[in-house]
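Written below as structure tokens is the structure these notes are about.
The values are calculated or read from the model by the stated rules, or taken from the named source; none is laboratory data. Because the structure is a prediction, the values reported are computed rather than measured. In this analysis, Cβ positions are derived from the backbone assuming ideal geometry, glycine residues included, and neighbour counts consider all displayed protein chains. Note: areas computed on protein heavy atoms with side chains; ligands, DNA, RNA excluded. Shrake-Rupley method; radii C 1.70, N 1.55, O 1.52, S 1.80 Å.
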Amino acid sequence: MKAPEEKILIDGPVGKIEVIMERPDAPKGIALIAHPHPLGGGANTNKVAYTLARTFVSLGYAAFRPNFRGVGGTEGIHDEGRGETDDLLAVLEDAKCRCGNIPVALAGFSFGAYCQTRVAKRLAEAGHPAQRLVLVGTAAGFVEGTRQYDTEAVPHDTIVIHGSADETVPLANVFDWAHPLDLPVVVVPGADHFFHRRLHLIRDIITRAWRH
């Protein structure tokens, strides 16, 4: 599957949200992709976010990659994940208007993964749970330079991918979060937080899991 990248602006709770949309013909699902921390330079062009989007497009999904508040053409100021969760839900509503009421996959990297655990909780509470989550380099526990993340519980089939050499979010943080949830974690040996030279492994892990 291929789909051209298209930049769109949608109306969010506090102003415009800039989104990169990749919409193949007759998509079988919507993939909502959340980028890493905006105060650390995160944007929807981040390589991990890009890899997540391309992977889902290849699986036949329409991929929507919004910029968080204060990044690119998105209005508003950083809100520690609260407003970002509201914005992601607004983008999802817009995506459903464009693509129809089809299954929704949530994918996020770092701070974006943390936000997607909040989105998943809101969707489940509303009676419209996501089809599945993919969380990469998930912000959980105490993260140096940002804050303490109380990452939400997620379903058992969530795909959690983390690098063994992650210097931003220690692997132990993710284990501490995943352990009480009985949640498996796919550990990529030697991968740092940004998965330098190992982005293809993210694609392979998701693609294999989706085909089963």
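Structure data summary
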{"quantity": "For the chain, with +1 on Lys and Arg beta carbons and -1 on Asp and Glu, the positive-most of Val71, Ala107, Gly81 along the dipole", "calculated": "Ala107"}
{"quantity": "Solvent exposure ordering (accessible area, 1.4 Å, most first) of His78, His200", "calculated": "His200, His78"}
{"quantity": "For Glu152, residues with placed amide H under 5 Å, excluding near neighbours", "calculated": "Arg118"}
{"quantity": "Protein accessible area in the chain, 1.4 Å probe - carbon and sulfur %", "calculated": "52 percent"}
{"quantity": "Gyration tensor verdict on the chain (Cα atoms; rounded if a/c is under 1.5, prolate if a/b is larger than b/c, oblate otherwise)", "calculated": "rounded"}
{"quantity": "Cα gyration tensor shape of the range 33-104, rounded if a/c is under 1.5, else prolate or oblate by comparing a/b with b/c", "calculated": "oblate"}
{"quantity": "Table column - 3J(HN,Hα) (Hz), the range 125-133, Karplus curve with 6.51, -1.76, 1.60, x for Gly and Pro", "calculated": "5, 7, x, 10, x, 5, 5, 6, 10"}
{"quantity": "The chain - accessible surface per residue (Å², probe 1.4 Å)", "calculated": "44 Å²"}
{"quantity": "Sparsely packed trypsin sites (Lys or Arg not before Pro) within the range 132-212, loop by DSSP, other Cβ within 10 Å at most 13", "calculated": "Arg197"}
{"quantity": "Inter-part distance where the range 21-61 and the range 167-211 are each reduced to a Cα centre, Å", "calculated": "17 Å"}
{"quantity": "From phi via Karplus (6.51, -1.76, 1.60), per-residue ³J(HN,Hα) for the range 24-40 in Hz, x at Gly/Pro", "calculated": "x, 5, 6, x, 8, x, 10, 10, 9, 10, 10, 8, x, 4, x, 6, x"}
{"quantity": "Integer Hz, Karplus 6.51/-1.76/1.60 couplings in order for the range 181-188, x for Gly and Pro", "calculated": "8, 6, 9, x, 10, 8, 9, 9"}
{"quantity": "Net charge of Cβ neighbours under 13 Å - reference Arg98; Lys, Arg +1; Asp, Glu -1", "calculated": "-3"}
